[in-house]
Amino acid sequence: MSEIKLGMLVRDRVTTFAGIAAGRTEWLSGCIRWCLQPQGLDKDGKTIPYESFDEQTLEIVGAGIMRVSRPAGGPNPEPARVRDPIR
């Protein structure tokens, strides 16, 4: 079982690519991969694309960021039904 949690700052030992653990995928073959989102922006002010790495090549670098859970909303009123004019 991995000690990596979503939001942690993680680095790939092979490429030295580092970023926030933003996503995790588990494959039928048993492979577990993590998507790392680098911090900061590129020279054009855009978000740097995330990269995906095998779990066994990763090491935890720091605490990273905390996920903030917010309510996803509440019950919404049922929408008004429009009567089908053809019937």
The alpha-carbon center of region 1-28 and that of region 36-56 are separated, in whole Å, by 12
Among (i) 13.8, 39; (ii) 20.2, 66; (iii) 17.2, 60, the entry matching Rg and Dmax of the Cα atoms in Å as calculated here is (ii)
Of D12, D54, D44, the one that fluctuates the most in a GNM where the chain has Cα springs shorter than 10 Å
D44
Please list, in order along region 23-40, the HN-Hα scalar couplings obtained from phi with the Karplus expression 6.51 cos²θ - 1.76 cosθ + 1.60 (θ = phi - 60°), rounded to whole Hz, x for Gly and Pro.
x, 9, 10, 10, 9, 4, 6, x, 6, 10, 10, 10, 8, 10, 9, x, 8, x
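Any read-out appearing in this document is the output of simple, stated calculations on the displayed coordinates, not a laboratory observation. Everything quoted here is computed from the prediction, not taken from an experiment.
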